[in-house]
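To start, the structure itself, in structure tokens.
The values are calculated or read from the model by the stated rules, or taken from the named source; none is laboratory data. Everything numeric here is computed off the predicted structure, so don't read it as measured data. Backbone-built Cβ (ideal geometry, glycine too); neighbour counts: all protein chains shown.
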Amino acid sequence: MKYKVFMNAFKTYFPMSKKLLIFAFCLLRALQNFAQQDPQYSQYMFNQMAINPAYAGSKEALSTSAFIRSQWTGIDGAPKTETFSIHGPLKSKKVGIGFSVIADQIGPKKSIGVLGSYAYRIPIKNGKLSFGLRAGVFNYTYNWDDIIYKDQADVYNTHNQTSKIVPTADAGLYYYSNTLYAGFSATHLYNGRLTSVSNQNGDDAKLSPHFFFTLGKAWSLSENLIFNPSCMVKSAKGSPTTVDLNLSFLLKQRVWVGLSVRSKYGIVAYAQFNITDKFKLGYSYDYGINKIGKVGGGSHEIMLGYDFNISKSKISSPRYL
């Protein structure tokens, strides 16, 4: 289905039932040439492996984390994402490596990605500058029978299910110290086709580069209170640039609480509990005030993290993660 035809149909039938709405949104996400394709995360400030390969090894421990996200719970077929990552420094301390598995589902589309990261770190003053590369593959599976078509002769309506393996490559920079971090990364530098179905007009869906900029600074307000404001700017061709402004507080080195304002969407409330120095549990709730947010309801995200002290040295308590 052509993107313009789909948008006209979307405008004509909006508002519609929740199920039709998510199918329309799924088709937009799955078939348009360039748009936001990476999963959305709300607790990325606690583990940036999902958006920047240069983050690998930055915690100076063998760090594991898992994200489980259920977005717009009021809509059938809404996005669901599960992510697992593990990363740490090598003995030389200059090199960090990481491994990630990302499973994402939205309506008729399912994807599973397996990615490996490499980071080379250079000491600079009180911090380190890391250069990161990541490569891997995604397997995209589409259930075309789950889509409601306005045009029954659509090229995608002639297939039941298709699957395609697509390579991907990412790169990033990341500077960090005990109280400051800044990062820039680009994902999907290789524009591989997402489906094995070819559109007659040649505007086949392809991977599109996504760009991320993150910045955060921590201040000690008292012995038991750390204030860590941060931001993220995210952009992808064909999608509006979004900005997250985050205000985080660390209480007694045990509990993070915070609030984010996401442009063109709404607000996010989050908390992370440092159950021990190594084991962490986080939760966030997104509330959208735009059209899809109001129809779809809230979004929930759970994060679990555990750090293994492989160097046998004391792991310093970071003011940011």
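To keep it simple, each residue is scored yes or no on (1) touching an Asp or Glu at 6+ places or on another chain (Cβ under 7 Å); (2) under 26 Å from Gly288 (Cα atoms); (3) charged (D, E, K, R); (4) modelled with pLDDT of 90 or more.
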position	(1), (2), (3), (4)
Thr64	no, no, no, yes
Leu90	no, no, no, yes
Ile106	no, yes, no, no
Ile124	no, no, no, yes
Lys128	no, no, yes, yes
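Could you please find all residues in segment 73-88 being at pLDDT 90 or above and not β-branched (Val, Ile, Thr)?
If the condition is that a residue be at pLDDT 90 or above and not β-branched (Val, Ile, Thr), then Lys80, Glu82, Phe84, Ser85, His87, Gly88 are the ones that fit.
With the condition being without any contact (Cβ under 8 Å) to a residue 24 or more places away in the chain, I'd like the strands (runs of 3 or more DSSP E) fully within segment 36-110 carrying at least 1 qualifying residues. Let's see the steps before the verdict.
Numbers: elements: 62-70, 80-89, 95-106.
Filter on segment 36-110 gives 80-89, 95-106.
Scanning segment 63-92 for residues that are among the charged types (D, E, K, R) and over 12 Å from the mean Cα position of the chain (by Cα) yields a count of 2.
On the basis of being touching a Ser or Thr at 6+ places or on another chain (Cβ under 7 Å), at pLDDT 90 or above and either crowded, with 24+ Cβ neighbours inside 10 Å or under 19 Å from Phe184 (Cβ atoms) (or both), does Ser70 make the cut? No: the conditions fail for Ser70. Of everything in segment 241-252 that is crowded, with 16+ Cβ neighbours inside 10 Å and under 25 Å from Leu189 (Cβ atoms), the residue that is modelled with the highest pLDDT is Asp244.
Here are some residues: Gly282, Gly238, Gly266. Which one is surrounded by 14 or more Cβ atoms within 10 Å (Cβ to Cβ) and either within 30 Å of Lys206 (Cα to Cα) or at pLDDT below 90 (or both)?
Gly266
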